[in-house]
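No value in this document is a laboratory result; all are computed from the given coordinates. All values reported here derive from a predicted model rather than from experimental measurement. Heads up, the Cβs are rebuilt from the backbone with ideal geometry, glycines too, and the neighbour counts pull from every protein chain shown.
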Amino acid sequence: MAALRWHDSQNRDTLETKVHIPDGFLSTPVWAALDMAGAPAVAVIARRAQRTFDEGKVPLLGVMGAFVFAAQMINFPVGPGTSGHLVGGALLAYTLGPAAASVVLTAIVAIQALVFQDGGILALGANVLNMAVLGVLAGYLPYHFWGRTRARRAAIFAGGALSVLISAVMALSELLLSGVRMPGGVLGISVGLFAVSALAEGAITLAVIGALERIQPEFIRQPAAGRSYALGAVAIAAVLLVTGGVLLTSTSPDGIEKLGQARTLLSTPFSGYGIAGLGSGWLPKAGAGLLGLGLVYGVCLMIGRRR
């Protein structure tokens, strides 16, 4: 959600929002530089996460990662012919801490690119930096400063919105640096779409955090060890999202693929969040979603337990 797509086809312009940048849009110097910057940034953050995260709460990594992955599969309309989805960077930061949240969102973005062809492989560094590093850190700032004051709810909302705005601005800047042509009218309309997407992210983040705290007081600051009703509720919600939510998802496009010629460098049987050979409809989407949940959960567990 919240990057820009513009397509000129037979004098018809369409504008759509999303963060994931596919291959074929960023110039070689741009994607190469961001790949080189992304790898060490994630390595440093991962080391910090391993030093500060309580190993007894490792299952929380997998559950929250699976929930965000599931939520990202559900598109909602943000304007005429335009849709978006939850990014989840701020939500992860409020439940896991910013360092662990960056690592988990990096795993989600990598799985989406390598398994489901959602986002480019060459552009993986850009997508990770935009969402999992800068988006997470920006989203955590309001909570860091005002999370224990009377403005706490406003800080949670603002963090969710800010995480999307930062990711969107970064993606848009990278496209412009790569020479992607965007008329002034498109840039103007995109500001409104970014604002709607950011407000939706903030509202969803606030609602989810509120629900988790009602299930278990102080869930964000100090999740309880051992069996947790909150963890179980989030896990069930993640499964329901990928098995039932796909039936309700918006059919409006949500990518930036038509800004140029998108290329697929790696083909898998799960491209487009489906399972090849099962046709279309509920079964292939739900099956691919459950596979994604398992992958994200397993990768997060391995990351959390590695020393």
Can you tell me how much longer the chain between residue 150 and residue 55 gets when fully stretched, taken as 0.36 nm per residue apart minus their C-alpha distance, in nm with one decimal? 31.1 nm
Can you list the HN-Hα couplings for segment 146-163, worked out from phi with the Karplus curve (6.51, -1.76, 1.60; θ = phi - 60°), rounded to whole Hz and with x for Gly and Pro? 10, x, 10, 10, 5, 8, 4, 5, 5, 5, 5, 4, 4, x, x, 5, 5, 4
With a cap of 15 neighbouring Cβ atoms within 10 Å, and only residues DSSP puts in a loop, list the trypsin sites (Lys or Arg not before Pro) found in segment 131-174. 148, 150
Once residue 199 and residue 213 are pulled to full extension, the length gained, defined as 0.36 nm per residue separation minus their Cα-Cα distance, is 2.9 nm
Expressed as a whole percent, how much of the Cα-Cα distance distribution for segment 74-208 exceeds 22 Å? 38
